[in-house]
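> First the structure, which I've put down as structure tokens, then a few questions once you've had a look.
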Amino acid sequence: MAYERVGGLERSLLVLLIGLTITSFGLFIGQVVMPQALSFAGLTVDRLNASIALLVAGVGTVAYRFALRYMDGEPRQRFFLRWLAATVLFAYIFIYASNLLVMFAVWFLTSLGLHQLLTYYRNRAEAYPPARKKFLISRLGDLALLAAIGLIVAYWGTLDLNEFLARLNEPVAWAAAPTVIALLIVVAALTKSAQFPFHSWLPETMEAPTPVSALMHAGIINAGGVLLLHFAPLLVQVPLALFQLALVGTLTAVLGLLAMWAQTNVKRTLAWSTVSQMGFMMIQFGVAAFPAATLHLLGHGCYKAWSFLRTGDLPRKTVVAPKLAPSMLLGVALLGVGLAIPALALAALVTGFDPFHSPGELALSAVVVLAIGQLWVAIFQAPRAPGSTLALPVMQALLGTLAAAFIAFGLYNGAIIFFAPVLGEVVVLSNPLAWASAILPVVAFTLLAALQVLLPLVGRSAVGRALYVHALHGFYLGVIADRLVEKVWGQARIKEVENA
């Protein structure tokens, strides 16, 4: 196949994306100065949407610029660049969409664009199984979202999301309609953000070019979270939907972390990290911590784009770290946890974040406490000069504890204040399902934190070695999904879609 060189259209698309980023920055600044929602042509610009759109436009522009060099000389380079730009544009419009038909159209087109990018290398058979799974899973999400839109039209008679949310408490003929719509929205979000059991395609997309991975992990995978933010006022009225998010998010986070620890390939490690991070984001939605979930979405997007685009760097020189017994490390972690509590109390007093405001805030605070315990372990395992005393790591750990406490609570409270014009007052949920949603992930993360510290000890046992092998292969859930795809879709239909 002949090699291609980019033409004027492809370079014009770069200019378009740069202009989109500049426009997004202007809209963001405008919302910072005057947080007044603006609606036009089925789109709504507010402080929340403007923040996420700036992320997608920025990541998309950087990925496209990277692809111009990365794909130079590749066959079908123009095809790739055009679909990359189109996919960025579809994802960008989805963020602002408030007309439900527009929302569904760009939701579908984003998935279609991603499928074209994932199957760019037509001669690589390994690229097709994850793309097939992604295509089928996305259609399940399409059906769920379309059914939710149908119910909204049937019982509220509108295609405008803002109008639907404003009239949410109006009585309708079918009292269970809001609950069913919320559950359908949750299912659609879970399929889009690679949540259990819809996750196995994401760590397997290793054959796609690096710019696709950066865009997918930093932007497109967040579409499920964006959908949940669009319907946040509905979700807080359906505790069952929030519990579903917390439960599935916890399962996904645990699965993703175990698999991530076992990987040896950089891109697979990052992919399983994304699975786990998306699980944690779903937990934040499940405990109704919408500002924190938005903050996580933005931070993870920036980090993952940077991580994938630098995967070609040379590895750093290996340094020898002090070897500490697992029992000693567990004691260090417990010490860090114990000292984190007064540090967080001081941070709460200074920043104004109230960890006891709701079960969700309390759960987030507990996760910060566990993270500080892991910070202590990392500091005491870091390389030290020969003959050095423990004074330096102790001082680093103490300062790190204070810094982590103030940064975490400061960011949480800052997100609450910043996104208040859109998300309103932080909803306080204290029903049994809300407490279950908060307790479940904390228990799971506590067990994971202990397991991570004790991994050297566990790894020497037969159970630990078996766990490593199973985790390395994602507990074979991808194999099961592959068989289901073949049975449901069939080889003939798969070939028809691939050749379309």
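> Would you mind giving the three semi-axes, in whole Å and largest first, of the ellipsoid equivalent to the range 228-269 according to its Cα gyration tensor?
Calculated on Cα positions only, the semi-axes equal 31, 12, 4 Å.
> For the chain, state the semi-axes of the equivalent ellipsoid (square roots of 5 times the eigenvalues of the alpha-carbon gyration tensor), sorted largest first and rounded to whole angstrom. Display every interim value, and only then the final one.
Numbers: eigenvalues 248, 182, 109 Å².
Over the Cα atoms of the chain, the semi-axes work out to 35, 30, 23 Å.
> Across the Cα atoms of the range 30-133, what radius of gyration and what greatest pairwise Cα-Cα distance (Dmax) are found, in Å?
According to the Cα coordinates of the range 30-133, Rg and Dmax are 16.2, 52 Å.
> Turning to a different aspect of this structure: In debye to the nearest 20, how big a dipole does the chain give about its Cα centre with +1 on each Lys and Arg Cβ and -1 on each Asp and Glu Cβ?
Working: 30 positive and 20 negative charges, 310 e Å.
About 1500 debye.
> I would also like to ask the following. Per residue of the range 343-351, in order, report the coupling 6.51 cos²θ - 1.76 cosθ + 1.60 (Karplus, θ = phi - 60°) as ³J(HN,Hα) in whole Hz, putting x for Gly and Pro.
My calculation for the range 343-351 gives 5, 5, 4, 5, 5, 5, 5, 7, 7 Hz in order.
> For the range 342-390, report the convex hull volume of the alpha-carbon atoms normalised per residue, in Å³, without decimals.
Numbers: hull volume 4.2 nm³, N = 49.
Considering the Cα atoms of the range 342-390, their hull volume per residue is 85 Å³.
> Now, a different point. Just add up the charged neighbours of Ala53: K/R +1, D/E -1, any other residue whose Cβ is under 13 Å from the Cβ of Ala53.
Working: positive: Arg47; negative: Asp46.
Value of the local net charge: 0.
> Using a 1.4 Å probe on the protein heavy atoms only, what accessible surface does Glu126 show? Give it in Å² to the nearest 10.
110
> If you don't mind, another one. Sorted by average packing, counted as other Cβ atoms within 10 angstrom per residue and highest first, what order do 41-50, 219-228, 333-342, 268-277 take?
Going from most to least packed, we get 219-228, 268-277, 41-50, 333-342.
> In addition: Work through the residues other than Gly30 whose Cβ is under 11 Å from its Cβ and net out their charges, Lys, Arg +1 and Asp, Glu -1.
Summing Lys/Arg as +1 and Asp/Glu as -1 gives 0.
> Restricted to Cα positions, what overall size does the range 349-427 have along the principal axes? Three whole-Å values, descending.
In descending order, the Cα extents are 55, 20, 20 Å.
> If you plug each phi of the range 272-281 into the Karplus form 6.51 cos²θ - 1.76 cosθ + 1.60 with θ = phi - 60°, what whole-Hz ³J(HN,Hα) values come out, in order, with x for Gly and Pro?
With the stated coefficients, the range 272-281 comes to 5, 4, 4, 4, 5, 5, 5, x, 5, 4 Hz.
> Hey, can you rank 76-89, 456-469, 18-31 by average C-beta count inside 10 Å, highest first? All intermediate terms of the calculation are to be shown ahead of the outcome.
Numbers: 76-89: 20.6, 456-469: 12.4, 18-31: 16.9.
Ranking the peptides 76-89, 456-469, 18-31 by packing returns 76-89, 18-31, 456-469.
> Karplus couplings for the range 462-478 from phi (6.51 cos²θ - 1.76 cosθ + 1.60, θ = phi - 60°), rounded to Hz, Gly and Pro as x?
3J(HN,Hα) across the range 462-478, in whole Hz: 5, 5, x, 5, 5, 4, 4, 4, 5, 5, 4, 9, x, 6, 6, 5, x.
> If you average 1/r across every pair of different Cα atoms in the range 237-311 and take the reciprocal, what Kirkwood value do you get, in Å? Don't jump to the answer; show the numbers that get you there.
Details: mean 1/r = 0.0782 Å⁻¹.
Final number for the Kirkwood radius of the range 237-311 is 12.8 Å.
> Let me ask something else about it. How much net charge surrounds Trp201 when only the other residues with a Cβ under 11 Å from the Cβ of Trp201 are counted, with Lys and Arg +1 and Asp and Glu -1? Don't jump to the answer; show the numbers that get you there.
Details: positive: Arg132, Lys133, Lys134; negative: Glu204, Asp482.
Value of the local net charge: +1.
> Specify whether the C-alpha gyration tensor of the range 79-144 places it in the rounded, prolate or oblate class, a ≥ b ≥ c being the square roots of the eigenvalues: rounded for a/c under 1.5, otherwise prolate if a/b is larger than b/c and oblate if not.
Details: a/c = 4.13, a/b = 1.51, b/c = 2.74.
Oblate shape, in that a/c is at least 1.5 and b/c is the bigger or equal ratio.
The values are calculated or read from the model by the stated rules, or taken from the named source; none is laboratory data. It should be emphasised that the depicted structure is a prediction, and the values quoted were computed from it without experimental measurement. FYI the Cβ positions are ideal-geometry reconstructions off the backbone, even for glycines, and counts take in every protein chain you see. Ligands, DNA and RNA are stripped out before the accessible areas are found, and what is left, the full protein with its side chains, is counted by its heavy atoms. Shrake-Rupley method; radii C 1.70, N 1.55, O 1.52, S 1.80 Å.
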